[in-house]
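Step one of this worksheet: look at the structure below.
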Amino acid sequence: MHALHIGDVTITSLIERDGPWRRPEDFFLGYDTRIARAHLDTLPPCVFDQATGRMIITYQTFVVRTPRHTVLIDTCTGEDKGYAAPLDFPKQPWRDAFDAAGLTSESITHVFCTHLHFDHTGWNTRLENGRWVPTFPNAKYIFHRAEYAHWERVAREGDKPPGPSPDSAWSYNCRPIVEAGQALLVDDGFELDETFRLISTPGHSPHHCCVEITSKGQTVIVTGDLMHHVFQVREPGWSTVFDSDPAEAARSRRDFLAAVADTPTIILPVHFPDPTTGRVVAGKVGFDFQFLCASSPAP
């Protein structure tokens with residue numbers, strides 16, 4: 001995505017990977033081939049690869065610069081995690097983008113995680129002399145308190161394997177942050193200041209949140225995994241195989257879409273490909289997502 005300017009805030013992204021990723025029939029619960037085929041005729045070409053039958057899925061981190069803060073929202077999968085294919089894709093693009101943006105590890109003031117899955121917490125930590133330590137030594141990492149407690153309980157009860165794997169990410173992406181004293185464990189509705197606020201949207205994970213960013217009367221919402229693809233804007237009942245509570249995820253999605261449809265609110269879904277930025281519009285039946293190609297200033 002291009003730089004997005006709202007008020008005194010500038011938002012850019014760091015891309016870890018993009019391109020064809022998953023087949024929708026394997027990804028969505030309640031997937032209907034007939035309905036999907038009708039959508040494919042009118043989907044923006046950037047979101048679906050007809051040749052492979054796979055959705056275009058992007059892994060990205062949003063960089064939010066304000067007059068006071070330099071914030072990362074969701075930190076992709078990270079380095080040295082030892083994941084098996086297909087999650088062993090190169091991580092250097094993210095690091096190269098980080099450097100090209102003029103960022104340093106020391107310059108990051110806050111890290112927001114919409115939830116604590118492996119692909120939203122990966123760059124939280126780095127491997128140093130065999131130990132996982134915070135990647136950003138001056139940052140406060142903002143985790144939802146109950147979300148953190150959920151994954152802590154899962155790890156304690158032994159439901160997930162202890163070593164590096166997508167199912168055990170809390171132990172090496174999140175716990176070291178708390179142990180280092182750099183975590184802010186917060187509750188629903190947390191506000192960092194007048195610019196950043198959390199919106200509760202549970203279902204994909206037990207306490208998934210969106211991050212609302214406001215400056216001079218303009219609003220952007222980073223939606224994390226509230227929706228992974230434009231399919232879910234058009235079909236909000238299509239929850240994913242990775243949702244902890246598919247019915248709750250669908251309710252959160254419907255409520256959110258209804259609240260932002262036909263408003264000036266700009267939406268930044270983490271997994272939507274370039275140009276990423278868009279707005280939700282209401283149709284005769286349901287909702288749709290309109291990408292915004294121009295980004296500076298926000299229309």
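If amide hydrogens are placed 1.01 Å from N in the peptide plane, which non-local residues have theirs closer than 5 Å to the one on Phe48?
Under 5 Å from the amide H of Phe48 lie the amide H atoms of Ile56, each far enough along the sequence or on another chain.
Below 28 Å Cα-Cα, how many Lys pairs turn up in the chain? Only count pairs eight or more apart in sequence, or on different chains, if you could. Can you show the working numbers first?
Numbers: Lys81/Lys91; Lys81/Lys140; Lys81/Lys160; Lys91/Lys140; Lys91/Lys160; Lys140/Lys160; Lys140/Lys216.
Final tally of qualifying lysine pairs is 7.
Multiplying the sequence separation of Asp255 and Glu128 by 0.36 nm and subtracting their Cα-Cα distance, what value in nm do you get? Kindly include the intermediate steps, with their values, before the conclusion.
Working: separation 127, 0.36 × 127 = 45.72 nm, distance 4.29 nm.
Full extension of this stretch gives 41.4 nm more.
Quick one: compute the contact order of the range 1-103, relative version, from alpha carbon pairs under 8 angstrom and 6+ residues apart, as a percent.
Working: 128 pairs, mean separation 34.3, N = 103.
Averaging sequence separation for qualifying contacts and normalising by length gives 33 percent for the range 1-103.
Roughly to the nearest percent, how much of the accessible area of the range 116-243 is carbon and sulfur, given a 1.4 Å probe?
The value for the range 116-243 is 48 percent carbon and sulfur by accessible area.
Let me spell out the model: positive unit charges on the Cβ of Lys and Arg, negative unit charges on the Cβ of Asp and Glu, origin at the Cα centre of the chain. What dipole size does that give, in debye rounded to 20? It would help to have the intermediate numbers written out before the result.
Working: 27 positive and 38 negative charges, 42 e Å.
My answer is approximately 200 debye.
Apply the Kirkwood formula to the chain: the hydrodynamic radius equals the inverse of the mean of 1/r over all pairs of different alpha-carbon atoms; give it in Å with one decimal. Can you show the working numbers first?
Values: mean 1/r = 0.0517 Å⁻¹.
Radius from the Kirkwood sum: 19.4 Å.
Remind me, relative contact order of the chain in percent, using alpha carbon pairs under 8 angstrom and six or more residues apart? Let's see the in-between values first.
Details: 645 pairs, mean separation 55.9, N = 299.
Value for the chain: 19 percent.
Computing the accessible area with a 1.4 Å probe over protein heavy atoms, can you report the carbon and sulfur percentage for the range 1-115?
Details: 2520 of 5030 Å².
After summing per-atom areas, the C and S share lands at 50 percent.
For the chain, what proportion of DSSP beta bridges, expressed in % and rounded to the nearest 5, is antiparallel?
Details: 39 of 52 bridges.
Of all bridge pairs located within the chain, approximately 75 percent are antiparallel.
Excluding His110 itself, what net charge comes from residues whose Cβ is under 11 Å from its Cβ, given Lys and Arg +1 and Asp and Glu -1? Could you put the intermediate results ahead of the total?
Numbers: positive: Arg68, Lys140; negative: Asp193.
Around His110, the charge tally is +1.
Cα-Cα pairs above 16 Å in the range 242-290: how many percent?
Numbers: 550 of 1176 pairs.
Tail fraction, whole percent: 47.
On average, how much accessible surface per residue is there in the range 17-134, in Å², for a 1.4 Å probe, leaving out ligands, DNA and RNA? Working shown, then result.
Details: 5300 Å² over 118 residues.
About 45 Å² of surface per residue is accessible.
Hey, what did the range 143-277 get for relative contact order, percent, Cα under 8 Å, at least 6 apart? Don't skip to the end; give the middle numbers.
On the way: 197 pairs, mean separation 26.5, N = 135.
Relative contact order, the range 143-277: 20 percent.
Restricting to the range 120-189, compute how many DSSP beta bridges are antiparallel as a %, nearest 5.
50
Give me the Debye-computed log₁₀ of I(q)/I(0) at q = 0.10, 0.20 Å⁻¹ for the range 145-237, equal point scatterers on Cα only, no solvent, two decimals.
-0.35, -1.10
Taking a temperature of 10 °C and a viscosity of 1.306 mPa s, what whole-number D in µm²/s does Stokes-Einstein yield for the range 69-167 with Rh from Kirkwood over alpha carbon pairs?
The diffusion coefficient I find is 110 µm²/s.
Work out, step by step, the length gained on full extension between Val241 and Asp8: first 0.36 nm times the residue separation, then minus their alpha carbon distance; give nm to one decimal.
80.0 nm
Extension gain Leu29-Arg68, at 0.36 nm per residue separation less the Cα-Cα distance, in nm? Show your work: numbers first, answer last.
Numbers: separation 39, 0.36 × 39 = 14.04 nm, distance 4.23 nm.
That works out to 9.8 nm of additional length.
Once all Cα-Cα distances of the range 1-115 are split into 5 Å bins that start at 0, what whole-number percent is in each one?
Percent of Cα pairs in each bin: 2, 9, 16, 18, 16, 14, 12, 8, 4, 1, 0.
Cα centroid distance between the range 1-79 and the range 177-255, in Å?
About 15 Å separates the Cα centre of the range 1-79 from the one of the range 177-255.
The values are calculated or read from the model by the stated rules, or taken from the named source; none is laboratory data. From a predicted model like this one, the values you see are computed outputs, not experimental measurements. Glycine gets a Cβ as well: all are built from the backbone with ideal geometry, and neighbour counts include every protein chain shown. The area values use the complete protein model at the heavy-atom level, side chains included, leaving out ligands, DNA and RNA. Shrake-Rupley method; radii C 1.70, N 1.55, O 1.52, S 1.80 Å.
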